[in-house]
Amino acid sequence: MRDLRIREMTLADCEGVAEVRVGGWRSAYRGLMPQSYLDRLSVEEDAERRRTYLAQGDGGIVNLVAEDTGGEIVGWACHGPYRGREVSTGDAELYAIYVHPDQVGRGVGRALLTESVARCCAAGHGRLLLWVLKENDRARRFYERAGFRPDGAEEPFEVDGVAVPEVRYTRILLG
């Protein structure tokens, strides 16, 4: 996407990020998790959570926004230290990446992912890991085109009593 600006998120961006995030969930996860759950998602509640997370942040978690030439937020990504159960490895994790449903396929996600990878490399992380719904074929193809590979780890994830398992992907950053 031409004329796209990637920058760090501010408190003023929380409403726009919540709109992208909720819209992204409703679009990307339709048919993969209960529709009743997706219908209950609230932009207002999500914006409040984003404000709380951002205000309490210690700087270890990086929130990035993609904005178009009109200053509208069209994407959001978040990364930080890997949250695995195993011993701390110094790896990074991409916690989330969402694109406004109207902007999918226009390079917004790629631009956010490229910036996250660059920042993780600059911070000296050896790997970037992420979790993706096992049945989310579109997202899995997106990550695979960006050099990520499934590493065999799988996690149970449940939404409203329905199993929606996740698989872990890894990309080597250094060496």
Conditions (1) surrounded by 11 or more Cβ atoms within 10 Å (Cβ to Cβ); (2) part of a helix (DSSP H, G or I); number of the one not met by I6: (2)
Residue identified as touching a His at 6+ places or on another chain (Cβ under 7 Å) and closer than 14 Å to V20 by Cβ among V108, V74: V74
Conditions (1) on the phi < 0 side of the Ramachandran plot; (2) modelled with pLDDT under 95: number failed by G90: (1)
Residue selected from the range 116-129 under the condition closer than 26 Å to R5 by Cα and either polar (S, T, N, Q) or assigned to a loop (DSSP other than H, G, I, E, B) (or both), by the criterion farthest from the chain's Cα centre (by Cα): G124
Selection count where residues are over 20 Å from A28 (Cα atoms), open to solvent by less than 50 Å² (accessible area, probe 1.4 Å) and assigned to a strand (DSSP E or B), scope the range 130-175: 2
Wholly within the range 13-106, strands (runs of 3 or more DSSP E) carrying at least 2 residues that are touching a Leu at 6+ places or on another chain (Cβ under 7 Å) and open to solvent by 80 Å² or more (accessible area, probe 1.4 Å): none
Single residue of C120, C78 found to be closer than 21 Å to N136 by Cα and at pLDDT 95 or above: C78
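The values are calculated or read from the model by the stated rules, or taken from the named source; none is laboratory data. All values derive from a computational prediction rather than experimental measurement. A quick note on method: Cβ atoms are made from the backbone with ideal geometry, for glycine too, and the neighbour counts reach across all protein chains shown. Calculation scope for accessible area: heavy atoms of the full protein, side chains included, ligands and nucleic acids excluded. Shrake-Rupley method; radii C 1.70, N 1.55, O 1.52, S 1.80 Å.
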